[in-house]
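Here is the structure we will look at.
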Amino acid sequence: MATITSRTAFKDCCLRRLGFPVIEINIDEDQVSDRLDDALQYFREYHFDGVERVYLHHQLTGASLKFTGLSAPTFTIGETLTAQTSGATCKVVSIDGTNVSVSKVSGEFEASEVLTGNTSGYSRSLSPAAFYTPGDIQNKYIQIPDTIIGLIRILPVNSATSGSQNPNNIFDFMYQFRMNDMWNLLSADMIYYTQMKQYLSMLDMLFVGDRSFQYNRKTDKLTIDCNWEETFQPGDYILVECYRILDPNEFTKVYDDMFLKQYSTALIKRQWGENMKKFGGMQLPGGIVMNGQQIYDEAVTEINAIEDQMQLKSELPVDFMVG
């Protein structure tokens, strides 16, 4: 039997399992499509082959201010801008034409008000419209792709004791270990090394800890419980460990999954029985009596058995997951 690699072939396979074209399957095309979508959704939610564990990275963006025009001399990078009307402040990160990327935003800016730099002394007024565009840091959330069904943890960007993000830090334990011991693995005591790594990891957990976060699949927003303006800078990266669904249009082998074919067929059969139940007991020419209830009951029994087997053999173990 050829490998099924498309939705059309997948649908035809399920209908043939029910007897088509020898038997007329009394179900609409839209109903078939809906049942296939239901099967795919269940497959992604519970089957270990329906998702993959990945690491998602996102570079944080900062706010942007638009001015009526900037001319030399202009604002300097790193200086603080203060609004003369609202009193709002921010720190200059970069300048691109009339747009200035800023961080450490405090207060709310007003249209056409004048901002003055504390270092350069330069002043310029904001545009009357579309003068302020918030970034991830100001929104205090990160937009997560719809293909992500659950977040496990946020990986630490910096480490208080290991300094893992700065390989040139001479006070880093890993730096000292590599410099003094890694040149000759025979001289390194791996038991001591393992114990020290566990101890340092415990200190990280006690004094820093994993950042707590909130995530809901219906909003696709990741919110980290912290002071965003003080904790992050524009350009910083957030790295999260998560589960991502497998898109069958990209990974076409999904359509050939044994469980998915069985489950989709059973769902279509249940819909067929549901459609035929209203004709229950009707006698056709030749003495044939229609019995949609039997088709429906058989499908419900098959669905329950398939789901039970899937939970026993193919469901992922319980994991701490937000979403």
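The values are calculated or read from the model by the stated rules, or taken from the named source; none is laboratory data. This structure is a prediction, so every number in the text was calculated from the model and none was measured. No Cβ is skipped: glycine too gets one built from the backbone with ideal geometry, and neighbour counts run over all protein chains shown. Areas reflect the complete protein model, heavy atoms only, side chains present, ligands, DNA and RNA absent. Shrake-Rupley method; radii C 1.70, N 1.55, O 1.52, S 1.80 Å.
List of remarks:
- Residues of the range 41-53 satisfying the condition of being of a type in the set (A, V, I, L, M, F, W, C) and crowded, with 16+ Cβ neighbours inside 10 Å: F43, V51
- Residue match in the range 97-105 (condition: more than 28 Å from K221 (Cβ to Cβ) and either open to solvent by 50 Å² or more (accessible area, probe 1.4 Å) or more than 19 Å from the chain's Cα centre (by Cα) (or both)): yes
- Considering (1) under 20 Å from G235 (Cα atoms); (2) open to solvent by 60 Å² or more (accessible area, probe 1.4 Å); (3) in contact (Cβ under 8 Å) with a residue 40 or more places away in the chain, the lone condition that K91 does not fulfil carries the number (3).
- Hits in the range 213-244 - residues which are assigned to a loop (DSSP other than H, G, I, E, B) and among the β-branched types (V, I, T): T219
- Scan the range 7-21 for residues that are within 29 Å of the chain's Cα centre (by Cα) and either modelled with pLDDT under 95 or open to solvent by 50 Å² or more (accessible area, probe 1.4 Å) (or both) and the total you get is 2.
- Where R211 falls short, out of the listed (1) on the phi > 0 side of the Ramachandran plot; (2) modelled with pLDDT of 70 or more: (1)
- Residue count, the range 223-247 (criterion: touching a His at 6+ places or on another chain (Cβ under 7 Å) and not aliphatic (A, V, I, L, M)): 1
- The one condition from (1) touching a Pro at 6+ places or on another chain (Cβ under 6 Å); (2) open to solvent by 20 Å² or more (accessible area, probe 1.4 Å) that L56 does not meet is (1).
- Matching residues in the range 32-73 - criterion: being assigned to a strand (DSSP E or B) and over 21 Å from the mean Cα position of the chain (by Cα): A63, S64, L65, K66, F67
- Taking the criterion of being buried (at least 17 other Cβ atoms within 10 Å of the Cβ) and either small (G, A, S) or assigned to a loop (DSSP other than H, G, I, E, B) (or both), the residues of the range 109-124 that qualify are F109, G117, Y122.
- Given (1) aliphatic (A, V, I, L, M); (2) open to solvent by less than 40 Å² (accessible area, probe 1.4 Å); (3) modelled with pLDDT under 95, number of the condition L239 does not satisfy: (2)
- Enumeration of residues in the range 22-40 that are among the hydrophobic types (A, V, I, L, M, F, W, C) and either touching a residue at least 24 places away in the same chain (Cβ under 8 Å) or surrounded by 15 or more Cβ atoms within 10 Å (Cβ to Cβ) (or both): I25, I27, V32, L36, A39, L40
- Residue count for the range 289-303, restricted to those that are at pLDDT below 90 and out of contact with any strand residue (DSSP E or B) (no Cβ under 6 Å at 6 or more places or on another chain): 3
The rows are residues; the columns are (1) surrounded by 12 or more Cβ atoms within 10 Å (Cβ to Cβ); (2) over 30 Å from R211 (Cβ atoms); (3) modelled with pLDDT under 95.
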position	(1), (2), (3)
D225	no, no, yes
F259	yes, yes, no
Q271	yes, yes, no
G281	no, yes, yes
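- T265 surrounded by 16 or more Cβ atoms within 10 Å (Cβ to Cβ) and more than 21 Å from I149 (Cα to Cα): yes
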